[in-house]
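Engineer: The structure follows.
Nothing in this text is a laboratory measurement; each read-out follows from the coordinates by a stated rule. Since we're looking at a predicted model, the values are computed, not measured. Don't worry about glycine lacking a Cβ; one is built from the backbone with ideal geometry, like all the others, and counts go over all protein chains shown.
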């Protein structure tokens, strides 16, 4: 009888140990994923701001040909990583708007003859897209949906009361 009790204790202890290791690995993986997503979002914002700064420098005759030297490869890589790693629809929507507004700004700046109104409109739209992306990324980071992904976000949206209709 004592042998069976001892065996049950060993099995219970092993199960507890394996469960603890599993939970620890899972937690570490989530933390790494969250950190990588945050880094990619920050890189996208930094590269977008760098692009705007280069357009401003050329526009104000401070520098020449700096827009053409901008690191578009790093921007594309960071966007691709974020699209792959994040399932948050708000972040992905904000990322797409940022991408297209950046293209519109580059196109408006490079087209000849250059129309100041088109450049100004693209400039404002790009600033708004950057701010929208920052807001979406910050909100997702605070609420944890950036790491939990699409299912958690959809669940959160359906479980929230509809305040506009007083429910």
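Engineer: Run the numbers for residue 142 and residue 59: contour at 0.36 nm per residue of separation, minus the present Cα-Cα distance, in nm.
Structural biologist: 26.2 nm
Engineer: Provide the FRET efficiency to the nearest 0.05 for the residue 96-residue 21 pair, computing r from the beta carbons and using R0 = 45 Å.
Structural biologist: 0.70
Engineer: What Kirkwood Rh does the stretch 32-158 have if only Cα atoms enter the pairwise 1/r average? Answer in Å.
Structural biologist: On the way: mean 1/r = 0.0654 Å⁻¹.
With all distinct Cα pairs of the stretch 32-158 included, I get 15.3 Å.
Engineer: Determine the calculated [θ] at 222 nm for the chain from helices alone, applying -39500 (n - 2.57) to every DSSP H run no shorter than 4 residues and normalising by the residue count; nearest 500 deg cm²/dmol.
Structural biologist: Result for the chain: -28500 deg cm²/dmol, rounded to the nearest 500.
Engineer: While we're here: If one computes the Cα centroid of the stretch 1-33 and of the stretch 111-125, what distance in Å separates the two points?
Structural biologist: 62 Å
Engineer: Could you work out how much longer the chain between residue 30 and residue 72 gets when fully extended? Use 0.36 nm per residue separation minus the Cα distance between them, nm to one decimal.
Structural biologist: Stretched fully, the residue 30-residue 72 segment lengthens by 12.2 nm.
Engineer: Also, quick follow-up: Would you mind checking the tilt of helix 150-159 against the longest principal axis of the Cα atoms of the chain, expressed as 0 to 90 degrees and rounded to 10?
Structural biologist: Taking the Cα atoms of the chain, the angle to 150-159 is about 90 degrees.
Engineer: When ranked by the protection proxy of mean other Cβ atoms within 10 Å per residue, highest first, what sequence do the peptides 65-76, 87-98 form? Let's see the in-between values first.
Structural biologist: Details: 65-76: 13.2, 87-98: 19.7.
Final packing ranking: 87-98, 65-76.
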